[in-house]
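*Asks:* Shown below is the structure under consideration.
FYI, it's all coordinate maths here, none of it is from the lab. All figures in this text were calculated on a predicted structure; none of them were measured in a lab. Virtual Cβ from ideal backbone geometry, glycine too; neighbours counted across all protein chains shown.
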Amino acid sequence: MFFTHLRDQLQHLESEGLLRYRRTVEGHHGTHLKADGRDFVSFCSNDYLGLASHPLLVAAAREGAELYGVGAGASHLVSGHNKAHHLVEAKLADFVGLPQALLFSTGYMANLGVVTALVGRDDALFADKLNHASLNDAALLSRAKLHRYPHLDMRALGKLLAASGGRRKLVLSDAVFSMDGDIAPVPELLAMCERHDAWLLLDDAHGFGVLGREGRGALSHFNVNSPRIIYMGTLGKAAGVFGAFVAGEKEVIQTLIQRARSYVYTTATPPLLAHTLLKSLDLIRAESARRAHLADLIALLKNRLRLEHWRLLPSQTPIQPLIIGESRAAVKVSAALAEAGILVPAIRPPSVPQGTARLRISLSAAHSTDDVERLVAALHELVKSNLTAEDAEEA
């Protein structure tokens with residue numbers, strides 16, 4: 001009975017165009033890769049600066065392995081906290097302009113750790129409805145009272161904050177929303193928190209390394225800073241390596257060290273990765289040409305892509321969502337592009353709301369203008385052909 005139920009669920013997902021599959025990538029990660037034995041130009045990755053296979057990072061990883069070995073051997077609070085971890089935490093705090101930083105294994109674990117450590121049953125959380133799943137799961141695990149406000153609706157957030165009797169109030173928001181690519185109004189969020197004595201957890205997974213002066217992230221982009229801000233950034237996207245960090249006031253970070261279960265009860269990340277991140281931060285800071293080229297590619301795509309039935313959302317970030325509408329239609333368009341040697345993922349519910357299935361085009365500084373022109377030409381050709389005409393009408 002149990003397996004029959006699982007089988008029925010999987011068949012239902014497949015019939016709705018919601019079943020997900022994995023491709024097996026061979027060799028180095030990059031904008032041009034081999035997957036399942038075929039060559040593709042890829043618009044799937046969050047490697048926004050094209051650093052994941054950078055030779056200097058590869059060399060740093062080798063050096064880190066020689067210095068520290070492969071594994072950390074224990075949790076940070078036992079014997080796993082290595083000199084490399086300590087150095088990169090200090091460098092990350094300085095980079096984003098906050099007093100202290102703490103490494104986590106992933107952004108998901110960081111968000112779970114922060115929210116559950118800082119709020120509980122008598123507290124209140126306020127979350128944008130398009131926040132990442134990790135923030136939503138963290139809110140549920142915290143047992144605090146959760147209030148969700150319409151996407152980017154500061155007026156609605158203000159009303160919820162004013163009406164709340166929570167002992168402590170914590171606002172949760174993506175800085176760059178992972179499926180829409182738009183940027184949260186961070187100054188307005190901070191002002192709202194100051195007005196209502198709340199704190200702000202800002203998930204800058206997709207802004208760190210891309211936004212702001214020298215890629216320092218959303219706080220630099222808006223030129224804001226406050227003791228009320230708890231900042232989370234990931235290190236496997238623009239930084240090209242792995243992991244995540246939380247930065248904030250000393251009291252916040254020390255509390256996380258004591259109480260964040262996803263930090264306390266897990267083996268520390270390999271110190272060789274922390275050693276590699278030291279070099280990654282140098283590259284992010286120094287290679288502004290990568291961000292300039294990325295901005296040019298974003299402008300090129302937005303200027304050249306003119307489709308009658310499908311529309312790009314108004315994103316100024318490397319995340320460029322092309323709304324198709326119906327899930328099966330999005331899957332067919334993605335599959336047709338794959339046949340042409342171009343990988344663009346179809347994003348469907350529950351990752352996005354019903355009726356807004358899309359192609360999530362992710363641009364990287366490692367793409368060339370020819371890569372983007374090839375994608376644009378392929379999408380225009382699909383619209384002209386009969387291959388997707390029926391899907392376009394449904395969308």
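*Asks:* How charged is the neighbourhood of Leu140? Take every other residue with its Cβ under 13 Å from the Cβ of Leu140, and add Lys/Arg as +1 and Asp/Glu as -1.
*Replies:* Around Leu140, the surrounding residues sum to +3.
*Asks:* Below 8 Å between Cα atoms, with a sequence gap of 6+, how large is the relative contact order for the chain in percent?
*Replies:* Once divided by the residue count of the chain, the mean separation gives 22 percent.
*Asks:* Can you tell me how much longer the chain between Asp94 and Ser368 gets when fully stretched, taken as 0.36 nm per residue apart minus their C-alpha distance, in nm with one decimal?
*Replies:* My answer for the length gained is 95.4 nm.
*Asks:* Which residues in region 101-134 place their backbone N less than 15 Å from a point set 7 Å from the Cα of Leu140 along the Cα-to-Cβ direction?
*Replies:* 112, 116, 131-134
*Asks:* Can you give the net charge of the other residues whose Cβ lies under 15 Å from the Cβ of Gly64, counting K and R as +1 and D and E as -1?
*Replies:* Within the 15 Å Cβ shell, the charges total +1.
*Asks:* Express as a percent, rounded to the nearest 5, the fraction of DSSP beta bridges in region 55-286 (both residues included) that run antiparallel.
*Replies:* Taking every DSSP beta bridge with both residues in region 55-286, the antiparallel ones total about 40 percent.
*Asks:* What FRET efficiency comes out for the pair Glu16/Thr267, r = Cβ-Cβ distance, R0 = 51 Å, nearest 0.05?
*Replies:* 0.85
*Asks:* Give me the one-decimal nm value for the distance between modelled label points at Arg311 and Ala286, 7 Å along each residue's Cα-to-Cβ direction.
*Replies:* Spacing of the two 7 Å Cα→Cβ label points: 4.5 nm.
*Asks:* Then there is this: Could you work out the helix-only [θ] at 222 nm for the chain, with each DSSP H run of four or more residues adding -39,500 (n - 2.57) and the total divided by the number of residues, to the nearest 500 deg cm²/dmol?
*Replies:* -13000 deg cm²/dmol
*Asks:* Taking θ = phi - 60°, what integer Hz values does the Karplus form 6.51 cos²θ - 1.76 cosθ + 1.60 yield along region 177-189, in sequence order, with x for Gly and Pro?
*Replies:* Per residue, the Karplus-derived 3J(HN,Hα) values read 7, 5, 9, 9, x, 8, 10, 5, x, 4, x, 5, 4 Hz.
*Asks:* Using each residue's phi in region 300-305, evaluate 6.51 cos²θ - 1.76 cosθ + 1.60 at θ = phi - 60° and report the 3J(HN,Hα) Karplus result to the nearest Hz, with x for Gly and Pro.
*Replies:* So the Karplus estimates, Gly and Pro as x, are 4, 4, 5, 6, 8, 8 Hz.
*Asks:* Here is a follow-up. Between Leu67 and Asn223, with labels modelled 7 Å along Cα→Cβ, what's the label distance in nm to one decimal, could you check?
*Replies:* Roughly 3.6 nm, to one decimal.
*Asks:* Within the chain, which is the longest segment that contains none of the trypsin sites (Lys or Arg not before Pro) sitting in a DSSP loop with at most 12 other Cβ atoms within 10 Å?
*Replies:* 168-305
*Asks:* Could you point to the label whose value was computed as Cα extents along the principal axes in Å for the structure here, given (1) 59, 51, 48; (2) 87, 57, 42; (3) 61, 55, 53?
*Replies:* Step by step, Cα extents along the principal axes in Å for this structure corresponds to label (3).
*Asks:* For region 55-286, what is the relative contact order in percent, using Cα pairs closer than 8 Å and at least 6 residues apart in sequence?
*Replies:* Reported as a whole number, the value is 31 percent.
*Asks:* Then there's this: Just to be sure I follow the definition: excluding the sites themselves, where is the longest run in the chain that has none of the chymotrypsin sites (Phe, Trp or Tyr not before Pro) in a DSSP loop with at most 10 other Cβ atoms within 10 Å?
*Replies:* Between the exposed loop sites, the longest stretch runs 22-264.
*Asks:* Additional query: Over the chain, what is the percentage of antiparallel beta bridges among all DSSP beta bridges, to the nearest 5?
*Replies:* Among the beta bridges of the chain, antiparallel pairing accounts for roughly 55 percent.
*Asks:* For region 37-190, give the share of DSSP beta bridges that are antiparallel, in percent and rounded to the nearest 5; count only bridges with both residues there.
*Replies:* Of those bridges, close to 10 percent are antiparallel.
*Asks:* Another one. Show which lysines lie in cross-link reach of Lys91 when reach means a straight Cα distance below 30 angstrom and same-chain residues fewer than eight apart are skipped.
*Replies:* Lys83, Lys169, Lys237, Lys250, Lys279
*Asks:* A further question on this structure: Can you tell me how much longer the chain between Arg195 and His28 gets when fully stretched, taken as 0.36 nm per residue apart minus their C-alpha distance, in nm with one decimal?
*Replies:* Roughly 55.3 nm would be gained on extension.
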